[in-house]
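What follows is a short report on a single structure.
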């Protein structure tokens, strides 16, 4: 196993070809994260800080999911990234066909006969973009495509789900946050302690480091 450990893992639910349900931006984000992690020399860091043979669970893990279905299980990775397509009402006349209501699994879209326009419940919307895809009149469109970010998930003896950061992020911002997470990890981890454990123990201090990068809810999605 030790010969196969690279120091980091980047997983994508459908690989480079992407997903038919893609919500996030179509770009080379996974490849850019791979390059970033390679520059961080995590394998050399582990060789110096971990006693005994290296194992896969030592690796810093990042998972990208093209849509909220999250097939790559970003909720249990050090950093999880989920594509988001933020819907908006465009002002185009609505035919009241009900396609948007039928496709929304969260029941976050409803039609009001009086106003003859769809209403989106932002508290229930997962920003999958499916309502915009099926809308025949373009009454619902996509305001922006970006990414949601989750931090500090893991399995093992003491599993924990990753915490979501508020808002949505462009590709450059995602890279900045991943870079900050790795730097924080290398600075504080000793003996192979996982990022999730460090994050759980020091999330308030880490939040101060993130303050310049994370969004307010109103600026996100």
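The values are calculated or read from the model by the stated rules, or taken from the named source; none is laboratory data. Bear in mind that the values here come from a model prediction, so they are computed numbers and not experimental data. Cβ coordinates were reconstructed from backbone atoms using ideal geometry, including for glycine residues, and neighbour counts include every protein chain displayed.
Tabulated results
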{"quantity": "Scan of segment 53-95 for residues that are buried (at least 16 other Cβ atoms within 10 Å of the Cβ), more than 26 Å from residue 27 (Cβ to Cβ) and touching a strand residue (DSSP E or B) at 6+ places or on another chain (Cβ under 7 Å), ordered by number", "calculated": "94"}
{"quantity": "Some residue of segment 117-126 being on the phi < 0 side of the Ramachandran plot, part of a helix (DSSP H, G or I) and either under 13 Å from the mean Cα position of the chain (by Cα) or not assigned by TED's automatic domain parsing to the domain that holds residue 29 (or both)", "calculated": "no"}
{"quantity": "Elements of type helices (runs of 4 or more DSSP H) contained in segment 18-108, each with 3 or more residues being within 16 Å of residue 141 (Cα to Cα) and modelled with pLDDT of 90 or more", "calculated": "99-103"}
{"quantity": "Residue in segment 137-152 that is part of a loop (DSSP other than H, G, I, E, B), assigned by TED's automatic domain parsing to the domain that holds residue 20 and either under 18 Å from residue 197 (Cα atoms) or under 15 Å from the mean Cα position of the chain (by Cα) (or both) present", "calculated": "yes"}
